[in-house]
Amino acid sequence: MKFGKRLAAEACRGGRGWSHFYFDYKALKKAIKDDIEGRDAKGASFQEILVNELRKVSQFYSDKAAQLERALPEGQALWRSAEELNMLRIEVQELIKFVALNYLAVVKAIKKRNRHLKEEFGDAFSTELHALDLLGHEVFFTSPRLAALATQAEIMSSKITAASPGTATGTAAVSGPQAGACKELMEEYQCPICLETLHNPVVLTCAHRFCWGCLVAHCTASKDNRLPMIKPVEGKGGRSQPAPPTYRVLEQIASSEEIQSFYSCPVCRKPQVLDIESLVVDSNLSSFIEGLDAISHISISREAVPWGIIPPQPKEHKGKLTVLLDLDGTLVSSFTPRRAPRLPPYVKTHVVGVGSKLNPQGVFVVERPGLKEFLEQLSSFAEVIVFTAGLEDYARPIVDAIDPTGEHGRLFTSRIYREGTLKTEFYQCVKDMARVNRSLARTVLVDDTPLAFLHQPDNGIPVLGFRGDPDDRLLLEAVLPLLQVLDQDPDVRQVLHRRFDMSTWFKRHGFPVDTVVSTSLETAARERENAAKLGLECGVIPTPEQLASMAPGGGGDVKKQKQQVSTTVAPMDIASQETAAQAGSTVPPSAVPTVDWLLLCNFDQTLVDFDAGERVVEQLAPELLPMLVGLDPTTNSLPITNTLLAELQRRGVSRDALIATLQQLGSTEVPAAGLDLLRTARQRHQAMVRILADANGVFVSHILAGAKAGGVADEVVANPASFERVGGDESANESSGTLTLLGGQQGCSNMDTSAGTASTPRSRGVGQKLVVKPLIGGPHDASSSTCLRCHNGLCKGQEVKKIRQQGKFRSIVFCGATGLDVCAALALGPGDFIMARRGSPLASHVESVASKGMTGISAPVVLWSSYEELHDLVLKLMGAAH
């Protein structure tokens, strides 16, 4: 059935009498034929009917929404029955469907009109219509009234459902069953993005609901990339004024087509006209969810709930050995699909997580040989729990592929993801077994990263990392026999201490292991005591109010404690920040410009088409890559970067191996067009070239060297990095300091600094690790000031201001893509140019500023997609200005 017939059938469905108010798709199709027969290339007949139909739909929507708004408060006052309220909800849902179908009809009609007129009239056809440009002014498409009505009706219906007869609806007296019903009801109020209970809920015009933070993050990443590069300046009386000189230069390069940008709903994909920086939280829905949450937890406070990050040991496993298994590098090795290794057919592999948020293309997973047999035998005598530092969105599909029987499956009784790890000064993802709610005498952790069990060194089994070797036999020939021995011992710690002596190994490498262990036990005991007093569920972190109530003297100043406890930067006043940035960028130059152009390029995702840090880890230790996945871009990434670099060194990756990997990336993966742009700009236009990098200086210099482009830039501004010797290399072969690996090997562990032999490529310089230091506040810093946007040791806005204060360049052309490039864009002046990569965080920010008419970014913007396009745009820009 064609769309027009489906639309007509849906309009007559239900007998509501709304069919005459639907968009007349058939009349629009006839108008297209009339315009073609009348040889009207502008399609006047179609446009006239289109305007009338849009007016008709909007008027009906407004009348119906007003009618429902009048009915709903009356129902709330009289507390209508659930049946009556349900009828009202159905009518609201029908109106939502009415909006969606009419939106689709408009889009399809306009697409049909554009296609037919273009085919018929060719070059004479010049009045192409854009559906969103028209819909953006129609109340039925943009109004949030209907979504608010749907939410209000649903809240009222939920209240009637949750309030059973004869019970109070407040929180003073709530029965266990009612609390359980509220808890089940809360599952209906989950964010489709994070899959958690809605926090600061925002309701879109399609009635789908999201957490404010989740929606902002989604919109920033996925908004329509089209941005009007030049907007006409209106003068008095609405007459357009000539564009500024810099805009006229751009007019020689690209058209000034005005296209309105929209967000798409993550669920139904309906475009939304939103201002993400002023999204309004639905206060009624937020209060209702908080009330449900309070009621659902009342029954918990009346029971003694065991403490721990997972529930207590099930009865069927009482007394059994608890085996915690790391995932990446221990049970499996994972790769991006395009970098999947070639393996023999007998090796078990999976492609999982296709379409996920973190890995849209999926993950190629290689099982360690013998994994299934190992787990089958292990689960017959032990409680087996997977404990991974990977985020749940990444790790869950992998664990599901190994054990398809579910969350509490046949092979894995529980799963602990990154949220269950601890971030410490020594390691980002410590797996503290004192918080697992099991006896430490009967608990072991099998992991290829010994730092994971730093808090319990005598409960860890260090193993060789798995990199996809099809001949690996470690699980069945070494790990399983040891676990069978441990199962017969009442205290595994004594056996593991004699076997591996990890405490001595940690001390040998400079870790204060005695202090760490005692502090961990004290902290766990304190958390267990507080959880018992507060009646918290397993894994629930106390709120600031709960912590305040546990403090001496009672509640105290909770607001003040919140400020002390919270480490999250509150949403800042972006407008004021951008104004300040612009003000800072207008400092009068101290010298007369002597060079026309400075070509200033970001490195990651701009000059190269990858993130250098992620690619290095992917090449040298792919099992560590999950630690980089999901990092908040607003947090300081230097600690995790240095942690991973130290871990690479401990795993035997030498200085030479790291440099060889960087140069290999340069020789194979640096786009030639990007490098040619830098060379041509210098030769043809005498421009100076500087690289302003998120990556550290060592990464940038060696990648460029590998691309044979060491002298392509006049200067590289980046966080400084250098190789530092790891203490104690001279005695690294002493038995007390050498890590003995499970399987009978010594000195080649993932954590061993003396790995390899003189003939292996990893041996030379293995006692040196790369350390990255912040440019701001570091030895290379000329000023200690920083900004609220930049947390990675380098503020690009500050660097641009320094350049402009020197007054050496007439114009700066800045090429960027990442969120950290926003500061640089804010610091540029009206005589400069911003080349933003389409779809990047920088382009999304610039679009948002342009759509609101803000004045924070004063430099004109050009969007680019390919390196060839960037090459042509920049060179034409420099040529046109001469």
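Details
- Each of Ala389, Val352, Leu327 was scored by the projection of its Cα onto the charge dipole of region 301-402, and the greatest displacement toward the positive side belongs to Val352; charges sit on the C-beta of Lys, Arg, Asp and Glu.
- Length available on full extension from Thr336 to Gln190: 0.36 nm per residue minus the Cα-Cα distance, which gives 49.6 nm.
- Working from label points 7 Å from Cα in the Cα-to-Cβ sense, the Ala660 to Ala9 distance is 6.6 nm.
- This ranking places Val485, Val446 by how few other beta-carbon atoms lie within 10 Å of each, fewest first, which gives Val485, Val446.
- Residues with amide H under 5 Å from that of Leu464, placed H, sequence gap 5 or more: Leu742
- Neighbour-count order for Asp472, Asp34, fewest beta carbons within 10 angstrom listed first: Asp34, Asp472
- Unsatisfied cross-links (Cα-Cα over 32 Å) in the set Lys769/Lys876; Lys773/Lys876; Lys348/Lys507; Lys111/Lys796; Lys423/Lys769; Lys56/Lys111: Lys769/Lys876; Lys773/Lys876; Lys348/Lys507; Lys111/Lys796
- Gained length - Val139 relative to Lys30, 0.36 nm times residue gap less alpha-carbon distance: 36.7 nm
- For Tyr867, Tyr427, the sequence from fewest to most other C-beta atoms within 10 Å is Tyr867, Tyr427.
- Taking a sphere under 10 Å around the Cβ of Thr443 and counting the other residues whose Cβ falls inside, with K and R at +1 and D and E at -1, yields a net charge of +2.
- Counting DSSP beta bridges with both ends in region 315-534, the antiparallel % (nearest 5): 40 percent
- Scanning residues 5 or more positions from Val332 or on other chains, those with amide H under 5 Å from its amide H are Arg368, with H placed 1.01 Å from N in the peptide plane.
- Each label point was placed 7 Å from the Cα along the Cα-to-Cβ direction; for Glu715 and Leu343 their separation is 4.9 nm.
- Taking N as the residue count of region 374-426, its C-alpha radius of gyration divided by 2.2 N^0.38 Å amounts to 1.22.
- Counted charge near Leu625, where neighbours are those whose Cβ lies closer than 15 Å (Asp, Glu -1; Lys, Arg +1): -3
- By average C-beta atoms within 10 angstrom, highest first, the peptides 311-322, 809-820: 809-820, 311-322
Each value in this text was obtained by applying a stated rule to the coordinates, not by laboratory testing. Quantities reported herein were computed from a predicted structural model and do not represent experimental measurements. Heads up, the Cβs are rebuilt from the backbone with ideal geometry, glycines too, and the neighbour counts pull from every protein chain shown.
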